[in-house]
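Novice: The structure under discussion is supplied below as C-alpha cells; questions concerning it will follow.
The values are calculated or read from the model by the stated rules, or taken from the named source; none is laboratory data. Remember, predicted model here, so these are calculated numbers, not experimental data. No Cβ is skipped: glycine too gets one built from the backbone with ideal geometry, and neighbour counts run over all protein chains shown. Side chains included, ligands, DNA and RNA excluded: accessible areas come from the protein's heavy atoms. Shrake-Rupley method; radii C 1.70, N 1.55, O 1.52, S 1.80 Å.
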Amino acid sequence: SRLKIFVWSLIGLSVIGIAVFYFTVIRNASSYEFIAVERRDVTQEVTVTGAIKSASAVDLEFLTSGRIVSIPVKVGDTVKAGQFLIALDGRDANLQVQKAEAALAGAEAKLRQLKAGATSETINELENNLKNTQASADASISKKYALALDYMDSAVTKADKIMTSMESDLFSNKNTVRTDFTLSSSQVINDVQTKKTFANDAVQQIRIFRDNAAISGVDQGVIDSSLAGIPTQLEKIRTLAVSATDLITSMTPNQSISQTTINTYFTNITANRSDFDSGIANLRQIAQDIANQKAANQKLVQDAIDALNVKKEPPRQVDIDVLEADVKAKQADLGSFMKQRSDTALVSPMDAIVTNIPFDIGEIARINSTAISLISPHALEIEANVPEIDISKLALGNVVQITIDAFQNENWTGKVTHIDPAQTIVDGVANYKIKVAFDKDDPRLKSGLTANLNIETLKKIGVIAIPQYGVSQRDNGAFVKIKENRQVVDRKVQLGISGFDGYIEIISGLEVGQNIVNQGLKQQ
C-alpha cells in the first residue's frame, strides 16, 4: 500500500543521512592529528646578521679652559669606569662652591628659624624694645612741647613789647592816636585805631592760650590747641604794627615833633616788628616739628609692635614660601658651581685603555680640544642593522647568542651596548644600527668577520603555549581548531609573544590539557 511505501522511504532516507554524517563528520574528525596544549617557557628573539669591527675610541674634552695640574695616568694604562684621569686648576671653582654652600646654609638656617618661631628670650627682648621705644618717643615729644611752652612765653613777651612801644610812641590813651601828629591822611588814623582795638583783644586771647597750656601740664591736646590759636592772634598784632608803620611814614614834622623823633618812632617799631615776626615763625616751626616728631614716633612704635607680633604669631605661609624659594635658588646656585667644578676634572666613562694624552702638567687646555683619548679593552664589537619592525623589542643589555661563519660549531655570548636613536636606510628600508660587545675577548676574532646574532628580547616562564603551526591568522583574529562533541570547530584565541623555537604564547582561549588540530605541520 501507499502507507507502507512512505514508511519504508522515510526509513531509507534516515539510514542514508546517518551514513553521510558518519563518513563526513565523525569519520573525518577522527582522522585529524592533534597537538596538546602545554605550559612552557617562551623566549622571544630578534635574529640579525652583522659584522665584527674595531671598537670606537673615545676622545674626552674639557668644558672649560684652564691650566692642567694633575695627570695621574699615562698612555697604555688600563683604567676603570669612574677613574680620575686629568684635572685643571680648580681653586676658583672650589671657592665658588664654598661660597654657594655658605649661602645655602644661611638660607636654610633662616627658614628653620622662621619655622621654629621665636624663643622666650627673643620675645622678652622685643617687649623691652617696645617699652624703650615708647619711652624714647614720649621723652622726645615732651622736649618738643616744653620748647613750645618756651616759645609761647617768648611770643607773649614780644607781643607786650611791641604793644607797649606802639602805645608809648603813637597813642595818647589805650586806643586813640595822639592829636599832636601832623598827618597827610586822616584815613590812616581810623585804620590804626580800629586795628588797635583788635590787637588789644588778641593780647588777651594770647594770654589765655598761654595760661591754659601752662596749667594743662602734659595735656598735649591743650598745648596743640594753643599752638594753633596763638599765631592767629599774633597776626592781628602784626597787622597793627604794619598800619602803625604806615602812620609814621605819613607824618610830617611840626613844632612839637621833629623829624628826628619821627625817625626814632620808625626805628623802634621796625626793630620790634622784626623780633615779633621771629616769634611767630618760631611758634609755627615748633608746631610743625611736633607734628613731624609724632609721625616719626608713631612709626617707630608701630615697627616695634609689628616686630613683636611677628615673633609671637606662627609664621605666615607666604613668608615660608619666600624663604623656601630662596633656599631653592641657593641650591640651584650651588649645583651650578658644583657642575663648574666637576668640569675641571675628567673621569673615565668606561673600563678602557689610555691611547693618547696630548698635554703635560702646566699647559693650558682649551675648550673643544681633546684632552685624553681612550679605547675599550674589548677591542672588537659587532655592528648590525635591525629592521624597524623589531627595534622596539630591543633594549640595552639584552643577552645575545653569537655564531660566526668562520668558526663552525662554536658559540659566543654578548650584550647590546648601543642602539642608534636615528634610522639608517638600507636598500630603501628603515633600519636602526646596534652595537654588541663580546662578553669575553677571543684573539682569533678579526675585524670584518660575519656574525649571526640571536638577541633575547623577552622571556616568559611557564606560560600556556602551542606550536605556531597550530594557529591560523585571519582578518578577524587568530584561531585554532578543537574537537567538541565529536566535531572539529574553530576557537578564537589571544596570542602573546612568539618564541624562537616555534612556540607561541596563548593569553586566552585555551587551557592546559586541551588538544588542538595540527593545521600546518605534517606529522609522520
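Novice: Calculate for the chain the 222 nm mean residue ellipticity that helices alone would give, adding -39,500 (n - 2.57) per DSSP H run of length 4 or more and normalising by residue count, nearest 500 deg cm²/dmol.
Specialist: Only helices count here, giving -16500 deg cm²/dmol.
Novice: What whole-number value in Å² describes the accessible area per residue of region 385-465 for a 1.4 Å probe?
Specialist: 57 Å²
Novice: Once you have the Cα-Cα distance between ASP303 and ASP475, take 0.36 nm times their residue separation minus that, and quote the gain in nm to one decimal.
Specialist: Full-extension gain reported as 53.7 nm.
Novice: Let me ask you something else. Using a simple charge model, +1 on the beta-carbon of Lys and Arg, -1 on the beta-carbon of Asp and Glu, nothing else, what dipole does region 211-319 show about its Cα centre, in debye to the nearest 20?
Specialist: 100 debye
Novice: So, R0 is 25 Å and r is the distance between the beta-carbons of GLU125 and ILE320; what FRET efficiency does that work out to, to 0.05?
Specialist: 0.60
Novice: Okay, moving on. Would you work out the charge dipole size for the chain about its Cα centre, treating the Cβ of every Lys and Arg as +1 and the Cβ of every Asp and Glu as -1, and quote it to the nearest 20 debye?
Specialist: 1780 debye
Novice: Under 5 Å between amide H atoms, partner at least 5 residues away or on a different chain: which partners does PHE62 have, H built in plane at 1.01 Å?
Specialist: Amide H to amide H, under 5 Å and 5 or more residues apart or across chains, PHE62 pairs with ASN368, SER369, ALA371.
Novice: Defining a contact as two alpha carbons under 8 Å apart and six or more residues distant in sequence, what relative contact order in percent does the chain show?
Specialist: Value for the chain: 31 percent.
Novice: Could you list which residues have their amide H under 5 Å from that of ASP77, counting only those 5 or more apart in sequence or on another chain, with H placed in the peptide plane?
Specialist: Correct list: VAL354.
Novice: Let me ask something else about it. In the neighborhood of LEU126, defined by Cβ-to-Cβ distances under 14 Å, what is the net charge if each Lys or Arg adds +1 and each Asp or Glu adds -1?
Specialist: Neighbour charge sum, excluding LEU126 itself: -3.
Novice: Related question: Just to confirm a number: summing +1 for Lys and Arg and -1 for Asp and Glu over residues other than SER256 whose beta-carbon lies under 10 angstrom from that of SER256, what do you get?
Specialist: In short, 0.
Novice: On a 23 Å Cα-Cα criterion, which of the cross-link pairs LYS393/LYS492; LYS339/LYS415; LYS161/LYS195; LYS415/LYS460 come out too long?
Specialist: LYS393/LYS492; LYS339/LYS415
Novice: On to the next question. What's the ranking of 72-83, 247-258 by average number of surrounding C-beta atoms within 10 Å, highest first?
Specialist: Top to bottom by mean Cβ count within 10 Å: 247-258, 72-83.
Novice: Let me ask something else about it. Just one of [x] 33.8; [y] 70.6; [z] 25.9 is mean projected area of the Cα convex hull in nm² as worked out from the coordinates here. Which one is it?
Specialist: [y]
Novice: On to the next question. Enumerate the lysines that LYS110 could reach by cross-link, defined here as Cα to Cα under 24 Å, with residues fewer than 8 away along the same chain left out.
Specialist: Leaving aside lysines fewer than 8 places away in the same chain, those within reach of LYS110 are LYS99, LYS311, LYS312, LYS328, LYS330.
Novice: Scanning the chain for GluC sites (Glu not before Pro) in DSSP loops with at most 11 other Cβ atoms within 10 Å, what's the longest stretch left with none?
Specialist: Counting only loop sites that pass the neighbour cut-off, the longest clear stretch is 34-362.
Novice: Determine the share of region 371-524's accessible area contributed by carbon and sulfur atoms, expressed in whole percent, with a 1.4 angstrom probe.
Specialist: 48 percent
Novice: Among ASN129, ALA307, LEU149, which residue has its Cα positioned farthest towards the positive end of the charge dipole of the chain, with +1 placed on the Cβ of Lys and Arg, -1 on the Cβ of Asp and Glu, and the dipole taken about the Cα centre?
Specialist: ALA307
Novice: Go through GLN204, THR355, VAL322 and say which Cα lies farthest out towards the positive end of the charge dipole of the chain; charges sit on Cβ, +1 for Lys and Arg, -1 for Asp and Glu.
Specialist: VAL322
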